[in-house]
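S.K.: The structure under discussion is supplied below as structure tokens; questions concerning it will follow.
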Amino acid sequence: MTATSERLLDAPLSALGAHLHPAIIAIDGPAASGKSTVGYRLANALGYLYFDTGVMYRAVTWAALTRGIAITDEQAVGELAHSIAIDLLPPQPGQQDGRHATVLVDGEDVTWLLRAPEVERNVSAVSAYAAVRAALTAKQRAIAHRYGRGNAERAGIVLVGRDIGTVVVPDAPLKLYIDATPEERARRRHRELRQQGKTIDYDQVLADMLRRDHIDSERTLAPLRQAPDAVRLDNSDQSADVTLTQALDALRAKIAQST
Ligand code: CDP
Ligand code: CDP
């Protein structure tokens, strides 16, 4: 072990974040694999911004559904993606309801509306459209680079999505691919929906999720793929605490390699 890697083992987490250049962590993986859980905790531990890119695709889908735009109308949905304002804000003191960020579409708080089954069912079709991806990828990349270069109010950024390590920021020095079996992922999503008071069959949740995974992985543009240099963490049988520890180990290893 080098002197640098020994020092990194003892470094406080916020100090660790200062050693990553650019300060960008990319996290990808299928639905309900635990990406947001590990991404949010990692961002808080390091003093980085947490950025869930999936909410942007959900926001466009929600806006199309509420404005009566047919999801099959690629041109209209693409124009919508360019025209609506999507803002992500840290939760305010009165908003401690489990949200990781507040999502505004044209000023309206839609944070929980984005989790509706109707949005969940249509978001993969919307995400496959070229104009939608072009609009959202450009915004995500600009935000990532601003934080990554240290020109923002946090020391770095953790982005979570499907194509972060492969397309949005392939230059991210640390890439994680979070995975779990489809059955375990459906159990988790089913449990979340029940906790929100929604009655839905486990089999239906599993079927919807597999359908979404299939569209996300098979689409031509920016499909869900593990980047060749990503660290794969399967948490089917392990707690979120263990995954966080493994993610921090991967970060320490990456920093030690580059110093
Ligand atoms: O939380 P969960 O993994 O279920 O979904 P999400 O991250 O909120 O993403 C919702 C959908 O947005 C995904 O199923 C993808 O179709 C799309 N998405 C994408 O295409 N690219 C991203 N970088 C993030 C999400
Ligand atoms: O962001 P993504 O859709 O990949 O998943 P998530 O929202 O982080 O996690 C989906 C659900 O699985 C949440 O309710 C987490 O608390 C839970 N989870 C779990 O039970 N065990 C883990 N090791 C990771 C997440």
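S.K.: Based on DSSP H runs of at least 4 residues, each adding -39500 (n - 2.57), what is the mean residue ellipticity at 222 nm of the chain after dividing by all its residues, to the nearest 500 deg cm²/dmol?
M.R.: One gets -15500 deg cm²/dmol as the mean residue ellipticity at 222 nm.
S.K.: Straight distance only, please: which lysines reach the Cα of Lys254 with their own Cα at less than 28 Å, same-chain residues fewer than 8 apart left out?
M.R.: Straight-line reach from Lys254, under 28 Å: Lys35, Lys139, Lys175.
S.K.: Measure nothing but the geometry: give the 0 to 90° angle between the long axis through the Cα atoms of 130-148 and the longest principal axis through the Cα atoms of the chain, rounded to 10°.
M.R.: Tilt of helix 130-148: around 30 degrees.
S.K.: Still on this structure, I have one more. Relative to the first principal axis of the alpha-carbon coordinates of the chain, what is the inclination of helix 182-195, with its axis defined by its Cα atoms, in degrees from 0 to 90 and to the nearest 10?
M.R.: So the helix axis and the longest Cα principal axis differ by about 70 degrees.
S.K.: Roll a 1.4 angstrom probe over the protein heavy atoms and tell me the percent of accessible area of segment 26-257 that is carbon or sulfur.
M.R.: Details: 5390 of 10480 Å².
Carbon and sulfur together cover 51 percent of it.
S.K.: Over segment 1-125, average the accessible area per residue using a 1.4 Å probe and give it in Å², no decimals.
M.R.: Working: 5600 Å² over 125 residues.
Each residue of segment 1-125 exposes 45 Å² on average to a 1.4 Å probe.
S.K.: Then there's this: I need the fraction of alpha carbon pairs in segment 26-257 separated by more than 33 Å, rounded to a whole percent.
M.R.: Numbers: 3234 of 26796 pairs.
Value for segment 26-257: 12 percent of Cα pairs lie more than 33 Å apart.
S.K.: Determine, at each q value in 0.16, 0.21 (inverse angstroms), the log₁₀ of I(q)/I(0) that the Debye formula gives when each Cα of segment 1-146 is one equal point scatterer.
M.R.: So the normalised log intensities are -0.92, -1.40.
S.K.: Right, next: Which of Ser127, Pro223, Leu176 sits closest to the plus end of the dipole of the chain, meaning its Cα is farthest towards the positive end, when Lys and Arg get +1 and Asp and Glu get -1 on the C-beta?
M.R.: Farthest towards the positive pole: Leu176.
S.K.: Given Cβ point charges of +1 (Lys, Arg) and -1 (Asp, Glu) and nothing else, what value in debye, to the nearest 20, does the dipole of the chain about its Cα centre take?
M.R.: Numbers: 30 positive and 32 negative charges, 68 e Å.
In total the dipole reaches around 320 debye.
S.K.: Between the helical axis of 35-46 and the dominant principal axis of the chain, each derived from Cα atoms, what acute angle in degrees is found, rounded to the nearest 10?
M.R.: 40 degrees
S.K.: Hey, another quick one. With the dipole of the chain worked out from charges on the C-beta (+1 for Lys and Arg, -1 for Asp and Glu) around the Cα centre, which of Leu114, Asn235, Ala15 lies farthest toward the positive end?
M.R.: Final value for the positive-end residue is Ala15.
The values are calculated or read from the model by the stated rules, or taken from the named source; none is laboratory data. Bear in mind the structure is a predicted one, so any value in this text is a computation, not a measurement. Quick reminder, even Gly has a Cβ in these numbers, built from the backbone with ideal geometry, and neighbours come from all protein chains shown. Surface areas here come from the heavy atoms of the whole protein model, side chains and all, with no ligands, DNA or RNA. Shrake-Rupley method; radii C 1.70, N 1.55, O 1.52, S 1.80 Å.
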